[in-house]
Amino acid sequence: MTTHVVQISAGVGPVEVRRFVALVAARLEELAAARGLVVAEVTAHGAAGAPRSMALYVAGDAPAVLADELGTHALIAPRHDRGRPGRRRWFAAVSLHTHV
C-alpha cells in the first residue's frame with residue numbers, strides 16, 4: 001500500500017491562519033478516515049494549537065480520495081474578529097506528496 005503525505009501549510013501567515021491550519025488538518029484527518037484511508041501519523045510543525053504546517057501520513061489511494069481537498073483553502077474572518085479594520089482573508093495550502 002502506498003503512503004502519502006498530506007501537507008497543510010500557512011507559510012509565514014499570522015496566528016489566525018496558523019490556527020486555521022490545525023482545523024483544516026483535523027478535518028482532513030477525519031475525512032481521510034471516513035473515505036477509507038489509514039491515517040498512520042500526524043505531525044505539527046510550530047506552536048501547539050497554531051502550527052505553521054502539519055503533515056498527515058496516510059496509506060491508500062490518497063490522490064483519488066483527497067483530490068477535491070487539494071489546493072488553496074481560504075479563511076474569511078468576520079470583521080469583528082480582530083477588533084480593528086484590517087485583513088480578513090488568509091490562505092492555507094494543501095498539497096499531496098508520495099512518501100518514500
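The values are calculated or read from the model by the stated rules, or taken from the named source; none is laboratory data. In this text the structure is predicted, and so the values were computed from the model without any measurement. To get the accessible areas, we keep the full protein, side chains included, count just its heavy atoms, and leave off ligands, DNA and RNA. Shrake-Rupley method; radii C 1.70, N 1.55, O 1.52, S 1.80 Å.
Would you mind telling me which residue in Ala55, Ala34, Ala26 has the biggest mean-square fluctuation in a Gaussian network model of the chain, where springs connect alpha carbons within a distance under 10 angstrom?
Fluctuation is largest for Ala34.
Could you work out [θ]222 nm for the chain from helices alone, using -39500 (n - 2.57) per DSSP H run of at least four and dividing by all its residues? Round to the nearest 500 deg cm²/dmol.
-7500 deg cm²/dmol
Summarise the accessible area of the chain (1.4 Å probe, protein heavy atoms) by the percent that is carbon and sulfur.
Carbon-and-sulfur percentage of accessible area, whole number: 55.
Using only the Cα atoms of the chain, what do you get for the radius of gyration and for Dmax, in Å?
14.2, 50
Report, please, the projected area of the range 24-79 averaged over directions, based on the convex hull of its C-alpha atoms, in nm².
With the hull built on Cα positions only, its mean projection is 4.7 nm².
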